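Notes follow once the structure below has been shown.
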Amino acid sequence: MQYRQLGQTGMKVSELCFGTLPMGPRQKNLDVDTCVRIMRRAFNGGVNFIDTAQLYETYWIIKEAIKGYDTKNLVIATKSAATTYNGMKEAIEEAREELDLKHINIFLLHAAKGTVHVFEERAEAIRCLLEAKIRGKIGAVGIATHSVEVVKKAATLKDIDVVFPLLNLEGMGIIGGGPEDMKAAIAQAASAGKGIYLMKTLAGGNLIRKYREAMDFARSVPGVASIAVGMISEQEVDYNIQYFSGKFPGEVQSSSKKFLIVQSLCLGDGACVDACINQAISLENGKAKINSEKCLLCGYCTKVCPQFAIRMV
């Protein structure tokens, strides 16, 4: 496992970052013992970087998994969609309390669909993060985004330490451009000293059969310190660790993860359509339908469905 400096944060992270979204209630909703076993398998394999979010509802999982580990050697990044000072303050305290940590290494604005104006629109939330950084509650401030223009803007802002952009070789989910546009924006941010780690390199599983090509593409981007990969089994952990350790285990034949909508429960209110970041959901005959070829498995749709009609299988 390789370890790289995350921009100018002073943090050294494993090239493989453990993405916790799939384990939680937005996706597989695994039991805590299974989650702990999977995460510790990753730690023992050299992974020291964990990505989570307020939305993912996985703090309790991480708290159990890191018990007994020297947290000085772990780097935990979380994020919140809070737009106000007080909302972000509550998000920071929630993370510290539920993770049982006094210090959170990285705290990001969760702004997947945010436009270039997000920094103005969430100025008070950013102010809260910066004050928390001064007080030692967090170590670095950043933004998670799918937008090329937001990455470019972040590169110019001295208060942004870390950028967590979406990038994959097919360009699925990228807002405002394609893979080359995002690569150029990332290069700009990296040149400005921002720490960069990537999301959705496998496009929510759509590129799983092109695993090596997709990962080689992402790893070749200059300035990228780490790649976040969601993992829901010890087998997936072992597979990813082998690849990131230079021992490619062979292409994956299929992915077992996908979302479906229980039609009998769907009200057809369209909330999931609006929440989808990649236009993968549409209404047909008054019911929601998911295009699995466009679905990024982000789980944002599950949060807004009042009938809990969206399930991962």
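The values are calculated or read from the model by the stated rules, or taken from the named source; none is laboratory data. On a predicted model such as this, the values are computed, not experimentally measured, just so you know. Cβ: placed from backbone, ideal geometry, glycine included. Neighbour counts: every protein chain shown. Heavy atoms of the whole protein, side chains included, go into the accessibility calculation; ligands, DNA and RNA do not. Shrake-Rupley method; radii C 1.70, N 1.55, O 1.52, S 1.80 Å.
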Given Cβ charges of +1 for Lys and Arg and -1 for Asp and Glu, the option among Ala192, Cys295, Leu283 whose Cα lies farthest towards the positive end of the dipole of the chain is Ala192
Below 18 Å, Cα to Cα, which lysines can Lys247 reach? Residues fewer than 8 away in the same chain don't count. Lys210
Write down the percent of antiparallel bridges among all DSSP beta bridges whose residues are both part of the chain, to the nearest 5. 25 percent
Please work out the ratio of the alpha-carbon Rg of region 1-107 to 2.2 N^0.38 Å and round it to two decimals. 1.04
Square roots of five times the Cα gyration tensor eigenvalues for region 13-171, Å: 25, 18, 14
Which residue, chosen from Val116, Gly46, Ser226, occupies the Cα position most advanced towards the positive end of the dipole of the chain, where the dipole is computed from +1 (Lys, Arg) and -1 (Asp, Glu) charges on Cβ about the Cα centre? Gly46
Carbon/sulfur accessible area of region 1-78, % of total, 1.4 Å probe, equals 42 percent
Going Cα to Cα from Lys158, which lysines come in below 30 Å? Please leave out same-chain ones fewer than 8 positions away. Lys12, Lys72, Lys79, Lys89, Lys102, Lys113, Lys133, Lys137, Lys183, Lys194, Lys200
Rounded to the nearest 20 Debye, what is the dipole magnitude of the chain about its Cα centre when Lys and Arg each give +1 and Asp and Glu each give -1 at the C-beta? 360 debye
Please return the longest range in the chain lying between exposed loop sites, taking GluC sites (Glu not before Pro), DSSP loop only, at most 13 other beta-carbon atoms within 10 Å, and leaving the sites out. 1-250
Using a 1.4 Å probe on heavy atoms of the protein chains only, the accessible area for Leu30 in Å², nearest 10, reads 40 Å²
Estimated vicinal HN-Hα couplings, Hz - region 22-28 in sequence order (Karplus 6.51, -1.76, 1.60; Gly, Pro = x): x, 6, x, x, 6, 9, 6
Backbone HN-Hα couplings from phi across region 230-244 [Karplus 6.51/-1.76/1.60, Hz, Gly and Pro as x]: x, 9, 10, 7, 5, 5, 5, 4, 4, 4, 5, 5, 4, 4, 6
Residues whose modelled amide H sits under 5 Å from the amide H of Thr20, counting only those 5 or more places away in sequence or on another chain, are Asp51
Where region 196-304 is the region considered: accessible area per residue in Å², 1.4 Å probe: 46 Å²
Return the sequence-ordered ³J(HN,Hα) values of region 122-134 in whole Hz as given by the Karplus equation 6.51 cos²θ - 1.76 cosθ + 1.60 applied to θ = phi - 60°, using x for Gly and Pro. 10, 4, 5, 5, 5, 4, 4, 4, 5, 5, 5, 5, 4
Once a ≥ b ≥ c are taken as the square roots of the eigenvalues of the Cα gyration tensor of region 123-224, is the result rounded (a/c under 1.5), prolate (a/b larger than b/c) or oblate (a/b not larger than b/c)? prolate
Trypsin sites (Lys or Arg not before Pro), restricted to region 131-199: which are DSSP loop and have at most 15 other Cβ atoms within 10 Å? Arg135, Lys158
